[in-house]
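The next block holds one structure in the form of structure tokens; read it before the comments.
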Amino acid sequence: MQKAIRPIVAACCLAVSIGGAGCSRTTPSEPAVVEAPKKVKQPERTGLAAAIEALERESADDKAAPSVAIEPVPQAAAPMALNPKAVEGPSPAVTPAVAAVRSPSVYTADELLGLHEVIRPRPGEALWAEIPWITDLWEARKKAAAEGKPIFVWSAMADPIGCT
Amino acid sequence: MESRALFFNRDVCATIMKTCIPFARNHLIKSSYPGDMAFLDNLAAQGAYFGNNMFLCTAGGKLVAGHQDRNLNGWLANWSKLPMSDRQPGVASIEDRGARVPQVRDPQPPADGMFVRTFMRALDRNSQGQFVAPDKLSLGISKTVIKAEPNRDGLWLTADDWKSLVLADPKVGDVHQVPAAIRQRIFRFHLVDGACCLPGFWQPKQVQGGSIQMTVTEVTPADVSMKIDGWAKLGAKDAPTEFTLAGAAGYDRASNKFNRFDVVALSATPCHKDTASGRPMYLGIAFQLARPNVPLDIRTPFRIWYDDYGQRDYLGN
């Protein structure tokens with residue numbers, strides 16, 4: 001796929017510098033012509049990528065991680081919604097919607113629409129989305145003051161709860 | 001996408017919800033309130049980094065702990081050591097944040113707009129040729145593998161935009177071409193590969209062709225149902241990427257609002273290779289109306305917040 005104009009600045013990944021190469025492509029890119037935001041810091045390398053890779057290799061009996069460590073721990077259990085109201089969409093098991101080896105252009109509309117469920121987030125798939133994020137700083141501050149709680153800030157050079 | 005991996009641990013999520021006020025922000029979007037920016041500047045002066053980061057702070061603006069140790073228990077321990085004046089409910093006073101001074105980098109959703117969520121997912125094909133959503137997702141050049149989920153974005157339609165999709169006197173079989181401005185917006189900014197990272201966007205000259213049409217399938221006193229189909233050819237003339245679109249829309253005649261806008265766009269050829277497995281991945285994009293009364297469903301489109309020209313480029317004004 002030929003590249004669309006891609007972000008010039010590193011913006012989306014905690015430990016990945018994009019530099020116009022977020023995803024590997026099969027064809028060369030065109031030069032970007034849209035000026036990128038200026039004076040944007042590169043994200044720090046946190047070693048998270050390495051941590052995740054290490055987790056991928058860990059054996060199942062490795063219980064070293066503290067229970068609330070800010071580390072990715074793959075979830076093996078069945079989804080258990082913490083906030084059912086925030087869970088995305090219906091919950092049936094996702095099954096392939098298109099059953100034959102054909103070019104996508106020859107699928108029927110119903111077959112393609114069946115992929116909607118395959119593409120959308122599945123319940124339990126995005127735990128971060130079950131957290132009731134506040135996006136208005138002042139509202140977050142007032143709520144934190146009223147409840148006597150710290151503010152957990154999730155900030156990114158992208159939309160943490162949108163396109164990132 | 002990678003920072004979302006931090007929330008794979010359900011205990012972390014539960015602890016955040018129980019003990020903290022969760023606040024998410026796009027650092028490329030500025031607040032139009034001077035008080036908000038002063039608060040953030042104060043945190044930055046204490047060493048807070050807003051690029052891609054997580055940390056705790058007090059309501060009054062004291063930095064408590066950062067991501068360096070990545071141990072939420074440690075962060076909360078730091079919080080518990082603060083004086084009661086910082087922690088006691090109802091004690092900290094929050095100053096007024098001042099009058100709103102609209103900023104270019106603080107785009108607001110169009111009044112009476114129609115807001116659609118978009119989900120971008122890399123799809124594999126199994127041995128039977130079926131499209132499947134892999135359990136794991138590898139991220140760009142780092143080849144980091146995380147639990148799969150779709151990336152997200154928002155499609156914004158102004159009041160004039162979505163009203164242009166409504167037929168005055170619909171009859172079954174009527175075919176309505178989606179106006180060029182909406183079609184171009186969908187093609188250029190939403191048929192893009194953001195499955196693993198930020199997506200980028202197409203230039204106008206890279207739209208080689210395409211159409212989207214809506215066909216009325218049912219008319220009742222209460223509703224109008226339509227099917228949606230279309231195609232797009234995007235990229236270089238000699239090697240374009242083709243997408244097929246299909247979907248269904250519903251229009252509630254009492255409220256004069258769309259109550260359904262489910263569309264799928266599927267690439268005809270693989271859009272990228274999975275960096276970990278090397279497997280060619282197709283791109284599936286699902287569109288769905290933002291849920292009523294869920295403000296967080298209304299996300300500013302990537303193209304709008306990406307740079308100062310974004311809003312004009314996206315909305316054409």
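Only the coordinates and a few stated rules stand behind these numbers; no lab work does. Note that the structure is a prediction, hence the values are computed from the model and not measured. FYI the Cβ positions are ideal-geometry reconstructions off the backbone, even for glycines, and counts take in every protein chain you see.
FRET efficiency for the B:Gln88 to B:Leu296 pair, using the beta carbon distance and R₀ = 22 Å, is estimated at 0.15. Per-residue 3J(HN,Hα) values for region A:129-143, derived from phi via the Karplus relation 6.51 cos²θ - 1.76 cosθ + 1.60 with θ = phi - 60°, read 6, 8, 7, x, 4, 9, 10, 9, 4, 5, 4, 5, 5, 5, 5 Hz in sequence order (x marks Gly and Pro). A cut-off of 5 Å between modelled amide H atoms, ignoring neighbours fewer than 5 places along the same chain, links B:Val132 with B:Asp124, B:Arg125, B:Asn126. Neighbour counts of C-beta atoms inside 10 Å place B:Met37, B:Met120 in the sequence B:Met37, B:Met120, starting with the fewest. Per residue, the average separation of C-alpha pairs within less than 8 Å and at least 6 apart gives region B:114-315 a relative contact order of 23 percent. Past the 20 angstrom mark, what percentage of all C-alpha to C-alpha distances in region B:2-87 do you count? Looking at region B:2-87, the distances longer than 20 Å represent 36 percent of pairs.
For B:Arg125, B:Arg152, which order do you get if you count the other beta carbons within 10 Å of each Cβ and list the fewest first? Mind dumping the intermediate values first?
Working: B:Arg125 17, B:Arg152 24.
Ranking B:Arg125, B:Arg152 by Cβ neighbours within 10 Å, fewest first, gives B:Arg125, B:Arg152.
As a rough guide to protection, the peptides B:300-310, B:227-237 ranked by mean Cβ packing within 10 Å, highest first, stand as B:300-310, B:227-237. Projected onto their three principal axes, the Cα atoms of chain B cover extents of 69, 48, 36 Å, largest first.
Between B:Ala44 and B:Ser277, the contour length at 0.36 nm per residue exceeds the Cα-Cα span by 79.9 nm.
The helix-based estimate of mean residue ellipticity at 222 nm for chain B, built from -39,500 (n - 2.57) per DSSP H run of four or more residues and divided by its residue count, is -5000 deg cm²/dmol to the nearest 500.
Within region B:195-215, which residues have the backbone N less than 14 Å from the label spot 7 Å out from B:Tyr309 along Cα→beta-carbon, could you tell me? Backbone N within reach: B:201-206.
Each label point was placed 7 Å from the Cα along the Cα-to-Cβ direction; for B:Ala222 and B:Asn73 their separation is 5.4 nm. For B:Gln213 and B:Asn259, a Förster radius of 25 Å and the Cβ-Cβ distance give a FRET efficiency of 0.80, rounded to the nearest 0.05.
What average number of partner chain Cβ atoms lie no more than 10 Å from the Cβ of the residues making up B:229-237? Present the calculation step by step, with values, prior to reporting the outcome.
Numbers: counts 4, 0, 1, 0, 0, 3, 6, 5, 1.
For this peptide, the per-residue mean of nearby foreign Cβ atoms is 2.
For peptide B:146-157, the mean count of partner chain Cβ atoms within 10 Å of a residue's Cβ comes to 5.
For B:Cys13, B:Cys57, B:Cys196, what ranking results if the residue with the fewest other Cβ atoms within 10 Å of its Cβ goes first? Write down the numbers at each step before the final one.
Values: B:Cys13 21, B:Cys57 26, B:Cys196 32.
Ordered from fewest to most neighbouring Cβ atoms within 10 Å, B:Cys13, B:Cys57, B:Cys196 come out as B:Cys13, B:Cys57, B:Cys196.
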